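Shown next, in structure tokens, is the structure this report addresses.
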Amino acid sequence: MLSRCLDYLWFWSILFFIIDVCNLDMIFYLIITLFLSFLFIPIEAVLIKCFKTTLGKFVFGLRYNQEFTWKSAFRYSCRRALFLKTPSQLIYKKAKLFPHILAITTALLLSSLSIAPEATLNQASKILPFEFLQELKVKRNGGANCPDGWIKLTATTELPFLAFFPSEPKATEVKKPIPHSSRILVYKEYTEEKYSLGYVDLPENWVKWGSNMVFKGTLKQVASHEKGNITQKQKTLHEQYPAMDYVVEKNGSKTFGRLILVGTTIYNLEAKGEAASQEASELFFNSFHLQV
């Protein structure tokens with residue numbers, strides 16, 4: 001019975017991991033929990049037909065002392081799933097140390113899938129050269145490819161984007177009246193020690209002349225705020241949206257930034273301080289995913 005509990009635990013861990021990384025609905029958790037014994041039938045049948053044991057029985061050195069056909073293996077597994085009597089001969093064979101260590105290690109790894117699926121997936125994507133692992137990681141993050149160990153930005157209201165930081169950023173908000181207008185610009189910013197993300201909704205008549213004019217005016221504001229000089233600027237695309245990369249230099253230090261125009265909203269992502277390198281800024285920029 002203990003060996004069967006271990007089989008269920010490991011099998012459930014794998015299913016839990018798949019559901020979690022694929023971001024499926026909670027109904028799937030309920031289904032696999034209620035029908036776990038039935039879902040395990042084909043897995044157990046294959047194991048006892050091919051190896052005369054299962055992972056749980058292998059840990060305890062147990063094997064079946066009989067030959068199974070595919071039909072008898074599935075019949076046996078079905079009876080086990082229904083908790084009916086299943087007369088069969090089990091033999092105990094003391095396993096060597098290495099297979100026991102391998103089995104226990106496998107058990108711990110499988111259990112970690114349900115305990116810490118995100119950390120497990122991050123480590124697996126580092127070690128195993130499988131592209132689908134990276135795709136699962138991106139899907140789990142809602143479409144963003146964040147660096148390992150970074151945390152997703154959360155707010156009290158739903159945000160139209162996904163952003164990731166090395167640590168929890170600080171939220172600030174600045175309101176600035178527009179001259180000769182009753183409208184107020186609200187600039188929201190999330191800042192961390194090395195990275196920042198700010199955005200503001202612009203009046204429609206400001207963006208009707210195209211992204212070039214918006215980027216030109218925004219860069220003037222950036223240079224004034226940073227009290228530095230724009231030394232590099234280059235138009236690009238962020239996903240399908242117009243964007244501009246820039247570099248601000250001040251007293252020998254550099255700030256790498258990217259402006260992104262989405263409708264009437266301008267986003268400004270910056271990497272500064274020790275993180276001010278092309279590679280580090282690209283990691284931050286690529287982890288920013290728009291959901292509009």
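We did not get these values from a lab; they are worked out from the coordinates using the rules stated. As the structure is a prediction and not an experimental result, all values here were calculated from the model. We place every Cβ from the backbone using ideal geometry, glycine too, and count neighbours over all the protein chains shown.
When 153, 34 are ordered from fewest to most other Cβ atoms inside 10 Å of their Cβ, what list results? Before the final figure, lay out each step's value.
Details: 153 19, 34 10.
By the 10 Å Cβ count, ascending: 34, 153.
Using packing as a proxy for protection, rank 176-187, 212-223 so that the peptide with the highest average count of other Cβ atoms within 10 Å comes first. Each step should come with its number before you reach the end.
On the way: 176-187: 9.8, 212-223: 15.6.
Final packing ranking: 212-223, 176-187.
For a footprinting-style exposure proxy, rank 201, 7 by other Cβ within 10 Å, fewest first. Spell out each step's value before the answer.
On the way: 201 14, 7 23.
By the 10 Å Cβ count, ascending: 201, 7.
Sum up the charges of everything whose Cβ sits under 14 Å from the Cβ of residue 70, counting Lys and Arg as +1 and Asp and Glu as -1, but leave residue 70 out.
Values: positive: 49, 52, 71, 75; negative: 44, 67.
Result for the neighbourhood of residue 70: +2.
Sort largest first and round to whole Å: the equivalent ellipsoid semi-axes of the range 151-290, each the square root of five times a Cα gyration tensor eigenvalue. Present the calculation step by step, with values, prior to reporting the outcome.
Numbers: eigenvalues 96, 70, 47 Å².
That gives 22, 19, 15 Å for the three semi-axes.
Please compute the Cα-Cα pair-distance distribution of the range 146-207 with 10 Å bins starting at 0, giving whole percents from short to long.
Pair shares across the bins are 19, 44, 25, 11, 1.
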